[in-house]
Amino acid sequence: MPEGTPRPFERQIHPGSGRRKAPKTPKGRQLDSEALAEVQALLGDRPRRSDLLIEHLHLIQDHYGHLAARHLRALSDEMKLPMAAVYEVASFYAHFDIVLEGEAAPPPLTIRVCDSLTCEMMGAQDLLKALPKEVGAKVRVLPAPCMGRCASAPVAEVGHRHVDNATLESLTAAAGGDHHAVIPAYKDLDAYEGEGGYKLLRACLAGERTPEQLIEVLSHAGLRGLGGAGFPTGKKWEIVRGYPGPRLMSINGDEGEPGTFKDRHYLESDPHRFLEGTLIAAWAVGCEHCYIYIRDEYPAAREILLKEIARLEAAGLTKHCPLELRRGAGAYICGEESAMLESIEGKRGLPRHRPPYIAEVGLFGRPTLNQNVETVFWVRDIVEQGAEWFASHGRNGGKGLRSYSVSGRVKSPGVKLAPAGISVQELIDEFCDGMTEGHSFRAYLPGGASGGILPAAMGDLPLEFGTLDKFGCFVGSHAVVILSDKDDLKAAALNLMRFFEDESCGQCTPCRNGTEKAVKLMAEKSWDVPLLEELSQVMRDASICGLGQAAPNPLLSILKYFPEELK
């Protein structure tokens, strides 16, 4: 071969370029020794397990006000996790602020203004428009989804301090004050035990009761899961107990459904009734560890539980099942049970495919009992007072008591403990002192954002599991939002669809793209009804979880029950 002739397959170097030199450092983000020391100091002697990733991200966010790239890299090194794994989790949750090199850190204070339906009805958009000018550039103002305080709308969160019935004046004043959560008065361990609290748990642990007895009582009482699905509680305990151990338990305190705030009410007023019910359930099913998942929007409830759980540990009441609190980070999808388990495991909150169901393969691959806060809140009362006591309450075929979160155009919104099966008209008249002055009852959401919208003419229907299915609606977590003749129902449906668009986890195309497309179509002055109906059908049939499957409910309700809105 003549000299200078390229060899076959020989790599050619551009003349004059010189040979490429080996990089001085490995590829990828480099470890900053100062950042590593800072992260190590924050973590202290806490375990470096991967399931604690979100907890550790909160430590950094709380301390520095954001997540700098150098701290993320240091955390990945300290926890022996790939940088990609740390970044994908941090970027999934809305309450984590990632700051890359060259980017400015967010202002030291953030005010989140709730723009979910009830707050928007009460003027949230006006606050969002005017507030930035009032507080200045050193304060960041963001819209945020439901904060679980709909009875005092509009609501904002200044740092971790909530401002109810927010105004420009109250928010401006709060920006210059204390930004920590306000802890309300609540029944602590001493007060609870003084009223007979934990006698039932102690009787169970002493062998004076059997799991079979408790399951029978709860089944006879008709207690159901009160987070939305309504599955019979006694049956669930029996199913999970039938799988070989070790078994685990989780509590779903991620109350993110717009219009729902009952769980927060109980956690912030009578937390030990919930905790005793949890420990009894764990004993009955044979669960060795319980993880209580509380949404980040409930800082006061979290502080209360941290304090009171520590007291229970000191009293020796958690030896059979230690309680561990886990903190959400702003993701509605984590209200779906399998997505919540993924989050507890330190991952993105992506719903799992089923089967297997979590009762068989749940948290860390173990059989898992998952319960809503209010469900276990009732355990002590039902067992002590008897199944007949609980079952005797109810109307229109309903059985038991329900905690209805009522907000909107009523004189007295709030958590209303009422008979299961009560109608919305009865709820308004008997428990809410009627409609707000100057407003006439026109429509209502029977089950929060995903439960659909029904006209006032159907206000005599029982608000109970299964009664509204044939109308394309459901009661879910019993979040009732009342709308009046002064509310724009198309705008209300668009508000709800925007919420689902923002909160879709993005895992499946029908939900991810369907909610986005629906928002664009619904924002038009004239709706393309055939296309919206087709899009809704695809979302219902093909979405992985209930978010995408239920997202079209408000839209379809407008098409079915309020055709006059389309003219």
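The values are calculated or read from the model by the stated rules, or taken from the named source; none is laboratory data. Note that the structure is predicted; figures quoted are calculated from it, not measured. Note that we place each Cβ from the backbone using ideal geometry, even for glycine, and neighbour counts take in every protein chain shown. We work out accessible area using only protein heavy atoms, side chains counted, and drop any ligands, DNA or RNA first. Shrake-Rupley method; radii C 1.70, N 1.55, O 1.52, S 1.80 Å.
Starting from region 338-350, take each residue that is closer than 12 Å to Gly328 by Cβ and list its partners that are at pLDDT below 95 and buried (at least 24 other Cβ atoms within 10 Å of the Cβ), counting only C-beta distances under 6 angstrom and pairs at least six apart or across chains.
none
Results for (1) touching a Lys or Arg at 6+ places or on another chain (Cβ under 7 Å); (2) modelled with pLDDT of 95 or more; (3) surrounded by 18 or more Cβ atoms within 10 Å (Cβ to Cβ), shown as yes or no for each residue.
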| residue | (1), (2), (3) |
| --- | --- |
| Ala166 | no, yes, yes |
| Glu169 | no, yes, no |
| Ala181 | yes, yes, yes |
| Glu195 | no, yes, no |
| Lys199 | no, yes, no |
| Leu205 | no, yes, no |
| Arg209 | no, yes, yes |
| Lys235 | no, yes, no |
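Every residue in region 291-329 that is closer than 24 Å to Ser343 by Cα and open to solvent by 30 Å² or more (accessible area, probe 1.4 Å), please.
Residues satisfying the conditions are Arg302, Glu303, Leu306, Lys307, Ala310, Pro322, Glu324.
Among residues belonging to region 534-567 that are in contact with a helix residue (DSSP H, G or I) (Cβ under 7 Å, 6 or more places away or on another chain), outside any loop (DSSP other than H, G, I, E, B) and not aliphatic (A, V, I, L, M), point out the one that is most open to solvent (accessible area, probe 1.4 Å).
Among those residues, the one meeting the criterion is Arg540.
Kindly indicate the residue of region 331-343 that is open to solvent by 10 Å² or more (accessible area, probe 1.4 Å) and of a type outside the set (A, V, I, L, M) and also farthest from Leu226 (Cα to Cα) among those meeting that condition.
That would be Glu342.
For region 26-39, give me each residue that is assigned to a helix (DSSP H, G or I) and open to solvent by 80 Å² or more (accessible area, probe 1.4 Å). Give the derivation first.
In the first step, residues of region 26-39 are kept if they are assigned to a helix (DSSP H, G or I); the result is 33-39.
Listed by number, the residues that qualify are Ser33, Glu34.
Applying the selection to region 302-339, what residues are farther than 16 Å from His58 by Cβ and among the hydrophobic types (A, V, I, L, M, F, W, C)?
Ile304, Ile309, Ala310, Leu312, Ala314, Ala315, Leu317, Cys321, Leu323, Ile333, Ala339, listed by residue number.
What pairs come out if I take residues in region 530-541 that are of a type in the set (Ser, Thr, Tyr) and pair them with residues that are open to solvent by less than 90 Å² (accessible area, probe 1.4 Å) whose C-beta lies under 9 Å away, six or more apart or interchain?
Ser536/Gly514; Ser536/Ala518; Ser536/Ala551; Ser536/Pro552; Ser536/Asn553; Ser536/Leu555; Ser536/Leu556; Ser536/Leu559
Please note which helices (runs of 4 or more DSSP H) are completely contained in region 188-241 and include at least 3 residues that are not hydrophobic (A, V, I, L, M, F, W, C).
By residue number, 189-194, 211-221, 233-241.
So which of Val519, Val480, Val538 ends up being in contact with a Phe, Trp or Tyr (Cβ under 8 Å, 6 or more places away or on another chain) and of a type in the set (Val, Ile, Thr)?
Val480
For every residue, the table says whether it meets (1) in a helix (DSSP H, G or I); (2) in contact (Cβ under 8 Å) with a residue 24 or more places away in the chain; (3) acidic (Asp, Glu); (4) under 24 Å from Gly148 (Cα atoms).
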| residue | (1), (2), (3), (4) |
| --- | --- |
| Asp460 | no, yes, yes, no |
| Glu464 | no, yes, yes, yes |
| Thr467 | no, yes, no, no |
| Phe474 | no, yes, no, yes |
| Val481 | no, yes, no, yes |
| Lys490 | yes, yes, no, yes |
| Leu494 | yes, yes, no, yes |
| Phe500 | yes, yes, no, yes |
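Take the residues of region 97-113 that are open to solvent by 60 Å² or more (accessible area, probe 1.4 Å) and of a type in the set (Asp, Glu): which is modelled with the highest pLDDT?
Glu103
Just checking, how many residues over region 242-265 are under 16 Å from the mean Cα position of the chain (by Cα) and not in a strand (DSSP E or B)?
12
Restricting to region 344-360, name every residue that is closer than 20 Å to Leu53 by Cβ and open to solvent by 10 Å² or more (accessible area, probe 1.4 Å).
The answer is Glu345, Lys347, Arg348, Leu350, Arg352.
Filter region 114-135 for residues that are touching a helix residue (DSSP H, G or I) at 6+ places or on another chain (Cβ under 9 Å) and more than 25 Å from His439 (Cα to Cα); which is most open to solvent (accessible area, probe 1.4 Å)?
Checked region 114-135; the qualifying residue most open to solvent (accessible area, probe 1.4 Å) is Glu134.
Report, by residue number, each residue of region 43-96 that is without any contact (Cβ under 8 Å) to a residue 12 or more places away in the chain, open to solvent by less than 10 Å² (accessible area, probe 1.4 Å) and in a loop (DSSP other than H, G, I, E, B).
none
Within region 415-447, can you find the residues that are open to solvent by less than 10 Å² (accessible area, probe 1.4 Å) and either at pLDDT below 95 or part of a strand (DSSP E or B) (or both)?
Selection gives Ala418, Ser423, Ala443, Tyr444, Leu445.
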